[in-house]
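Dropping a structure here in structure tokens format, bear with me for questions.
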Amino acid sequence: MEYEFLFVVDGVDVDDDLAVGIIFDEFDGLLTRHRDKHLLDLAESGDGAIDAAHRLVVRLRKELPQLRLERLDPDLVGVSDIAERTGRSRQNVLQWVNGERRTEVGAFPDPEGTAGRSLVWRWAEVNAWLARIGEQVGDPGATRQDALHIDFMLPRWQQSLAEGLPIVRFVHSQEDERTKDRAGVAQLLEGTLSAPGLLDMISAFPRPERQRLTVVCAVLPDRLSAVAERIRADETGVVLAFQGEKNELHLMRVAAREVPGARPVSELGLGDDATVGDLLLVVANGAVQPTTPLALVG
């Protein structure tokens, strides 16, 4: 899915024809100036808003290394703005706001605050509500929660790229009652990535995007097939992260298909129903070195 973002940026200027041209040609984006700040409006596809923003940071760094993303602009809108963007009357919008129409899809979003004497809302939240009544305008934006996460991560992502390191995307092998345990693996790994040489080691797996690294967080009962499903078609390989029986952290380089240098798990006697725990036993028994890339194919 494609997501639309409005970033507050620094390092570029609307009078810089080269930068403006790159933004338009490479990103189909628009750079504008509002009072003392520059705004960058562009869209990107991803598994979610955070993943799309993650991709944008990498692409922008490659094309415009001088540009710095400061934060997301909340794109606050009032009743008149909503009416203009949707092509509806102010009265119609007020009926939505006051719960007089289309209540079957849930209440209209809470306002973000006031501007002067008028209420204002985050456009992304309004547009998400509009999508539920079939009135979505353009691409969706980041939810409030996703926007907070993106704003928090922007400095870290950009600092990693400035240091020549990839920025890491954490995903769960699946979502169920063990989701908190997988999130715990991600938190544990985030706390160790600063260890000297660790990020270089786990990012050594050949992949098209050297500046992005996906880590699939799993628990021992998870099937390897579920892990493979989390590896996108444009990713040669990822890092599988999980904790063992004694809560020790394990990192393995894996691919969803056969690639040069990777050993198929079928050669290790692991079938379609094999789990992460089964893989750990094979490694513990010495059938394969922990540093050997593995292809999760039968």
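Where a number appears in this text, it was derived from the coordinates with a stated rule and is not lab data. Keep in mind it's a predicted model, so treat the numbers as computed, not measured. Positions of Cβ are generated from backbone atoms using ideal geometry, with glycine treated the same way; all protein chains shown enter the neighbour counts.
Stretch residue 85-residue 257 to full length: gain in nm at 0.36 nm per residue minus the Cα-Cα span?
On the way: separation 172, 0.36 × 172 = 61.92 nm, distance 4.51 nm.
Contour length minus the Cα-Cα distance gives 57.4 nm.
Also, quick follow-up: With +1 assigned to the C-beta of every Lys and Arg and -1 to the C-beta of every Asp and Glu, and no other charges, what is the dipole magnitude of the stretch 16-158 about the Cα centre in debye, to the nearest 20?
On the way: 19 positive and 25 negative charges, 77 e Å.
That gives the stretch 16-158 a dipole magnitude of about 360 debye.
Fewest Cβ neighbours within 10 Å first, please rank 34, 250 accordingly. Numbers along the way, then the final one.
On the way: 34 9, 250 18.
Going from least to most buried by this count: 34, 250.
Treat the count of other C-beta atoms within 10 Å as a stand-in for reagent exposure and order 45, 160 from fewest to most.
Numbers: 45 12, 160 20.
Listing 45, 160 from fewest to most nearby Cβ atoms yields 45, 160.
Divide, for the chain, the radius of gyration over alpha carbons by 2.2 N^0.38 Å, where N is the residue count. Numbers along the way, then the final one.
Details: Rg = 22.6 Å, N = 298, 2.2 N^0.38 = 19.2 Å.
Taking N as the residue count of the chain, the ratio is 1.18.
As an exercise, use a Förster radius of 51 Å and the Cβ-Cβ distance of residue 36 and residue 177 to find the FRET efficiency, rounded to the nearest 0.05.
Numbers: r = 49 Å, r/R0 = 0.97.
Efficiency computed from Cβ-Cβ geometry: 0.55.
Also, quick follow-up: Where in the stretch 103-134 is the amide nitrogen less than 20 Å from a point lying 7 Å along the Cα-to-Cβ axis of residue 71?
111-116, 120-126
Given 10 °C and 1.306 mPa s, compute D for the stretch 166-295 with the Stokes-Einstein relation, Rh being the Kirkwood radius over Cα pairs; round to the nearest whole µm²/s. Display every interim value, and only then the final one.
On the way: Rh = 14.7 Å.
Rounded, D is 108 µm²/s.
Continuing with the same structure: Please list, ordered by chain and number, the residues whose modelled amide H lies under 5 Å from the amide H of residue 170; skip anything fewer than 5 residues away on the same chain.
Hits under the 5 Å cutoff: 215.
Let me ask you something else. Springs between alpha-carbon pairs under 10 angstrom, Gaussian network model over the chain: which of 62, 180, 246 fluctuates most?
Result for the chain, Cα springs under 10 Å: 246 fluctuates most.
Got a sec to turn the phi values of the stretch 220-226 into Karplus ³J(HN,Hα) couplings, 6.51 cos²θ - 1.76 cosθ + 1.60 with θ = phi - 60°, whole Hz, x for Gly and Pro?
Going residue by residue, I get 4, x, 5, 6, 5, 5, 5 Hz, with x marking Gly and Pro.
Run through the stretch 228-294 and list the GluC sites (Glu not before Pro) located in a DSSP loop whose Cβ has at most 16 other Cβ atoms within 10 Å.
On the way: sites: 229, 235, 245, 248, 258, 267; in loops: 235, 245, 248, 258.
Filter output for the stretch 228-294: 245, 248, 258.
By counting other Cβ atoms within 10 Å of each Cβ, how are 279, 30 ranked from fewest to most?
Working: 279 26, 30 14.
Listing 279, 30 from fewest to most nearby Cβ atoms yields 30, 279.
Take each of the peptides 107-113, 141-147, 48-54, average the number of other beta-carbon atoms within 10 Å over its residues, and list them starting from the highest. Present the calculation step by step, with values, prior to reporting the outcome.
Numbers: 107-113: 15.3, 141-147: 18.7, 48-54: 21.0.
Peptide ranking by packing, descending: 48-54, 141-147, 107-113.
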